[in-house]
Amino acid sequence: MNRKLIIRTLGTILLIEAACMFPSLILAVVHVEDSWSALLISILICASAGLPMRFLVEPQSSNLRAREGFLIVALSWLLLALFGALPFMLSGFIPNFFDAVFESVSGFTTTGATVLTKGQYMDAGGCMPYGIGFWRAFTHWIGGMGVLVLSLALLPKLTGRSAHLVRAESPGPSLSKIAPKMTDTAKILYIIYTALTVSEFVILMLCGMPAYDAALHAVSNAGTGGFSNRSTSVAYYNNPSVDIVITVFMTLFSINMALYYAVATGRWRDFAKNEELRWFLCMLVGSGLLITLLTLPVYTGNISEAMRHSFFNVATVMSTTGFTIDGFTTSYWPVSAHGIILCLMFCGACVGSTAGGIKTMRIALLVKQSKREVGRTFYPRRVQRVRFDGRGIDETMLHQVSVFCFVYVALVLGGTLLISLESSDSRFDLISNFTASLTCVSNIGPCFGTAANGFSEYGSFSKVVMSILMLAGRLELFPILAVFHRGAWRKV
């Protein structure tokens, strides 16, 4: 194992994290907040830990194997979460260690689950500083596309075989390489990512949202995270145009970023004929229309209101963003609509996007594989290949998809059991614990039951479990689980 290369890469990650804290520090200084010292100290701590690891450790080889790539990804995200919690603790905004780490993990994994209480938000007279609030949302933007993709974009000579890093960190069963070099792919992806973020920021300001709020919600939406500086999230603005803009951008950030590059280079047919995109849009539109019909009586027959709320909530769940206006976390929606939302919490969006969940491509492959197995009951000798995007899918990939979905469900159920061991209070019923576990693995944020208004009432053990679930969900399960396998640490 090339341990020196691992240490050197982790040092680079910490330096990038320190640099990412500077915008929040500038905001704190401009608004004359006491939190500027906490952010400055956090930057110095990250830099002090990263500099020796980056520049004093010289690996003998830059050759990176798959096993080392998985370890770097898992350890990078663990370090990001731990050091990212420093501003929360040092500022006193979230003084509890487990709460601060939970909030940091939720931010970087783009989950959006929070331990904050209503009184800590700006609209409720809370004490959320501008600098800390922006850092909290900016962790979504950093984690959305992936910190190692950012590292490759900024430091092309980071490693020899950088594809192992991106493959281990990228969401989805296949790696979208849109340029001959992986470093060029990383740069193109971040250009697209930044352009979409800036576009949403400008449009939200044109809709009447304050500049700070627009910036915070834009970076949060880009990472499909859902952190807001308002206790009622997007509902605070009570602005239909804001709801529509955020719904549109939640959908845009749910699409494979490589497809935007295809459009930019004139390959419109690749975008239009993408089978996963068609599956995703059909699921989104179909679910939105069905919930609109089910909730029409709730909105006294006002179809435009029903559609706005239904499509917003379907988009926020399928994109795993987690912004809320009203609806699925409240009791006045019918149970049938809640049932549809619960099913969508498993699905997620497209591969290569910033969203979580199982991913639409895997759902489509499972459906096609199930259809094939049913067909074999009547025609056992017929050779049938599962096809996707016009190409035959290798049986190995189908096996991997099946295993992934099994482990995914097992993690959700195991997380539910572990959370239930601590939460013996009658308020934490089975539905609350199950959807809390599911929302963490799927990186969604909101859920049903007690945790619908935040996770602050759960104990430290449950928060540790949910933090691991969030990391496992963001890293597509296996990189974080590989850390617990003895083979990952064995010398070759």
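The values are calculated or read from the model by the stated rules, or taken from the named source; none is laboratory data. The structure presented is a predicted model; accordingly, all values stated were derived computationally and were not measured. Quick reminder, even Gly has a Cβ in these numbers, built from the backbone with ideal geometry, and neighbours come from all protein chains shown.
Points to keep in mind about this one:
- Test result for Gly415, touching a helix residue (DSSP H, G or I) at 6+ places or on another chain (Cβ under 9 Å), assigned to a helix (DSSP H, G or I), of a type in the set (Gly, Ala, Ser) and in contact (Cβ under 8 Å) with a residue 24 or more places away in the chain: yes
- First in segment 365-387 and part of a helix (DSSP H, G or I), second anywhere and surrounded by 12 or more Cβ atoms within 10 Å (Cβ to Cβ) and among the hydroxyl-bearing types (Ser, Thr, Tyr), Cβ under 9 Å, 6 or more apart: Leu365/Ser402; Leu366/Ser402; Gln369/Ser402
- Within the option set Leu90, Leu80, being surrounded by fewer than 23 Cβ atoms within 10 Å (Cβ to Cβ) and either at pLDDT 80 or above or farther than 19 Å from Asn443 by Cβ (or both) holds for one residue only, Leu90.
- Cβ-Cβ under 8 Å pairs, at least 6 apart or on other chains, segment 17-31 side farther than 20 Å from Leu51 by Cα, far side at pLDDT below 90 and assigned to a helix (DSSP H, G or I): Ala28/Ser35
- Qualifying residue in segment 202-222 (condition: β-branched (Val, Ile, Thr) and outside any helix (DSSP H, G or I)): no
- Qualifying position, being at pLDDT 95 or above, closer than 29 Å to Ile303 by Cα and either buried (at least 20 other Cβ atoms within 10 Å of the Cβ) or in contact with a His (Cβ under 6 Å, 6 or more places away or on another chain) (or both), among Thr247, Thr224: Thr247
- Residue in segment 42-54 that is surrounded by 24 or more Cβ atoms within 10 Å (Cβ to Cβ) and either more than 27 Å from Val234 (Cβ to Cβ) or at pLDDT below 95 (or both) present: yes
- The condition (being in contact with a strand residue (DSSP E or B) (Cβ under 8 Å, 6 or more places away or on another chain) and at pLDDT 90 or above) is satisfied by just one residue among Met345, Met307, Met318, Met361: Met361.
- Checking every residue in segment 178-190 against the condition of being within 19 Å of Thr321 (Cβ to Cβ), hydroxyl-bearing (Ser, Thr, Tyr) and modelled with pLDDT of 75 or more gives zero matches.
- Qualifying residue in segment 326-338 (condition: part of a helix (DSSP H, G or I), surrounded by 21 or more Cβ atoms within 10 Å (Cβ to Cβ) and in contact with a Ser or Thr (Cβ under 6 Å, 6 or more places away or on another chain)): yes
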